[in-house]
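I have placed the structure first, in the form of structure tokens, so that the comments after it can refer back to it.
What follows is calculated from the coordinates using simple rules that are stated; it is not laboratory data. All values derive from a computational prediction rather than experimental measurement. Cβ coordinates were reconstructed from backbone atoms using ideal geometry, including for glycine residues, and neighbour counts include every protein chain displayed.
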Amino acid sequence: MREIDLEIAGQRLHIRTDEDEAYMQRLATFVEEQMREVGKGQQRGIASMTIALLAALRIADEYHKVKGLEESIDLALSRLADAVESCLEASPR
């Protein structure tokens, strides 16, 4: 486990992780971009905590939508594999 420093929206974070530092920097950049995007539609002076929470909701929404798609794809692939297996079992050898 290594210790790295990240910065998100002017806040310095000192974290311990097994992940690659470059990967963690990309995540921090992504979070900051999401916060900036969410902040565009908000009134001036809105608290950074509120923007961070709205960005977290947006990221969670994206994650759960992708997770749902992944589950649908897994189910479709499983059904397809079953169909292929049935066809192979039914074909003469």
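For the chain, what does the relative contact order come out to in percent, with C-alpha contacts under 8 Å and a separation of six or more?
17
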(Q) As I understand it, the value is the acute angle between the Cα axis of helix 48-90 and the longest principal axis of the Cα atoms of the chain; what does it come to in degrees, rounded to 10? (A) 10
Q | Theoretical FRET efficiency, 1/(1+(r/R0)^6), r = Cβ-Cβ of Lys65 and Ser91, R0 35 Å, to 0.05 | A | 0.35
Q | C-alpha long axis of helix 21-40 to longest principal axis of the chain, angle in ° | A | 70
